[in-house]
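Some notes on the structure that comes next.
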Amino acid sequence: MVLSNNDGCIIARSDEAKALGFAMGDPYHLTQEKLTLHGVQVFSSNDALYGDMSRRVMETLRAFTPDVEIYSIDEAFLNLAGFERWGLTDYARLIRATVRRDTGIPVSIGIGPTKNLAKIANHLAKADPESGGVYKLAGAEVYEALARIEIREVWGVGPRWATWLEAQGIVTALDVKRADPKAIRRKMTVVGERWVHELNGRPCRPLELGAPPRQGITVSRSFGQTLTALDPIKEALVSFVGRAGEKLRRQGFMAGQDLVFVTTNRFSSTQPFYANSTSVRLQYHTDFTPDLLEAAAHLLETLCRPGFHYPTCGVMLLELSPVTRVQADLFDTRDRSREAWLMRALDSLNTVYGARTVRVGNHGGKRPTWAMRQAFRSPRYTTNWRELPVVR
């Protein structure tokens, strides 16, 4: 199983761990004895590895169709229209085998005429060991399959709507398919009507092939321990702003507003709760990390209050504009081309030699006091030269 930031709670489980009764969100410190008793392998969250492996899987999928919607870090929708002559089930098995061969990641594939039906087919592919990881919903078997899916397992149906639907006698996906779409719409708006149409094979959710316009970039982390002094919190913020600046430049944006937030533990029974945020509009749109840092550091000083224990802080870059659309200011006398060259050099060095090889000062050293607890982190096999797998 995998733990959340700072090795706090369980956030991912294998089937074997689920069978032992471990639940999502269980605190690690309360389950540690049982985990040891059953020999469960525990891993800290490893975002660098997960993100890189996700990228490799998505790139492999694009070799089979140009129309790929990346829905999340571990899920994608593919448009296979035009590939029917190969047989969609056989084609899906080829996709699955290629992803496993090229990345080592096992995937399951559900095939259906709509996103909702494809999601249900994917659920059945995971649940049926005889499916070989691929399940296609088509023809009369759709009714039988939907009858086995409880309403709470239908994609997009939250607990509140599920409770209402069950009170109306709609307890399976098949019941949704047979429901009157107009009656569902009167209570659940157009979203509910789309569920009915999707389960009847009428697509209402087209693939989103391009990422939606970014509204902001956020970088925030929980500290390895609560902090009370301003200096270590500022060290953490320096690191977060540096990371946000990297993301900003990689995505081709400049920011016009800096926002900083801090919070204490709202669940603590011994410490008072405090949460606050403040922002400033920058004089010019920029992707120059020192500018972003200067504004963020000033904001933090106005936010932090003595006597509080802070487990989290973060920065948000807002009012994003593409670099190509930001107009130069007549009264801006700084050498922006030199600043851009400096940031390109910084990003290039970190790309070649590893993340955060070169960074802004006041970062806190190799292992700062605010660093997350990751006692069980697996090696970053694909993103760190010192942690490459060794073949003997």
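Considering Val219, Val190, Val196, Val238, which residue is over 28 Å from Asn46 (Cα atoms) and surrounded by 15 or more Cβ atoms within 10 Å (Cβ to Cβ)?
From the options Val219, Val190, Val196, Val238, the qualifying one is Val196.
Under 6 Å between Cβ atoms, which residue pairs at least 6 apart in sequence (or on different chains) link something in segment 52-72 that is under 22 Å from Arg205 (Cβ atoms) with a partner that is surrounded by fewer than 16 Cβ atoms within 10 Å (Cβ to Cβ) and among the charged types (D, E, K, R)?
Val68/Arg62; Glu69/Glu208
Against the conditions (1) exposed (fewer than 15 other Cβ atoms within 10 Å of the Cβ); (2) farther than 21 Å from Ser14 by Cα, where does Gly104 fall short? Just the number, please.
Result: Gly104 fails condition (2) only.
Take His285 and tell me if it is under 20 Å from Ser239 (Cβ atoms) and assigned by TED's automatic domain parsing to the domain that holds Gly245.
no
Please list, ordered by first then second residue, the pairs with beta carbon atoms under 8 Å, 6 or more apart or interchain, first in segment 164-192 and on the phi > 0 side of the Ramachandran plot, second surrounded by 14 or more Cβ atoms within 10 Å (Cβ to Cβ).
Partner pairs satisfying both residue conditions: Gly169/Asp175.
Looking at Leu30, Leu20, Leu3, Leu37, which is the one that is over 20 Å from Phe223 (Cβ atoms), modelled with pLDDT of 90 or more, of a type in the set (A, V, I, L, M, F, W, C) and surrounded by 13 or more Cβ atoms within 10 Å (Cβ to Cβ)? Show your work before the answer.
Details: Leu30 fails: surrounded by 13 or more Cβ atoms within 10 Å (Cβ to Cβ); Leu3 fails: over 20 Å from Phe223 (Cβ atoms); Leu37 fails: surrounded by 13 or more Cβ atoms within 10 Å (Cβ to Cβ).
The conditions single out Leu20.
Residue check, Gly158 against (1) small (Gly, Ala, Ser); (2) more than 32 Å from the chain's Cα centre (by Cα); (3) farther than 11 Å from Leu199 by Cβ, all met but one. Which one?
(2)
Every residue in segment 250-281 that is surrounded by fewer than 19 Cβ atoms within 10 Å (Cβ to Cβ) and in contact with an Asp or Glu (Cβ under 7 Å, 6 or more places away or on another chain), please.
Gly256, Gln257, Ser279, Val280
From (1) within 24 Å of Leu3 (Cα to Cα); (2) more than 23 Å from the chain's Cα centre (by Cα), pick out the condition that doesn't hold for Arg55.
Against the list (1) within 24 Å of Leu3 (Cα to Cα); (2) more than 23 Å from the chain's Cα centre (by Cα), Arg55 comes up short only on (2).
Kindly indicate whether Val360 is within 26 Å of the chain's Cα centre (by Cα), on the phi < 0 side of the Ramachandran plot and not assigned by TED's automatic domain parsing to the domain that holds His29.
Numbers: within 26 Å of the chain's Cα centre (by Cα): no; on the phi < 0 side of the Ramachandran plot: yes; not assigned by TED's automatic domain parsing to the domain that holds His29: yes.
No: the conditions fail for Val360.
Please count how many residues of segment 303-341 are out of contact with any Phe, Trp or Tyr (no Cβ under 7 Å at 6 or more places or on another chain) and either in a loop (DSSP other than H, G, I, E, B) or loosely packed, with under 13 Cβ neighbours inside 10 Å (or both).
Residues meeting the conditions: 18.
Filter segment 51-70 for residues that are within 25 Å of Lys18 (Cα to Cα) and surrounded by fewer than 14 Cβ atoms within 10 Å (Cβ to Cβ) and give the result.
Gly51
Residue by residue, here is whether (1) outside any loop (DSSP other than H, G, I, E, B); (2) not basic (Lys, Arg) holds:
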residue	(1), (2)
Phe240	yes, yes
Glu246	yes, yes
Val260	yes, yes
Arg266	no, no
Gln271	no, yes
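The values are calculated or read from the model by the stated rules, or taken from the named source; none is laboratory data. None of these values were measured; they are calculated from a predicted model. All Cβ positions, glycine included, derive from the backbone under ideal geometry; neighbour counts span all protein chains shown.
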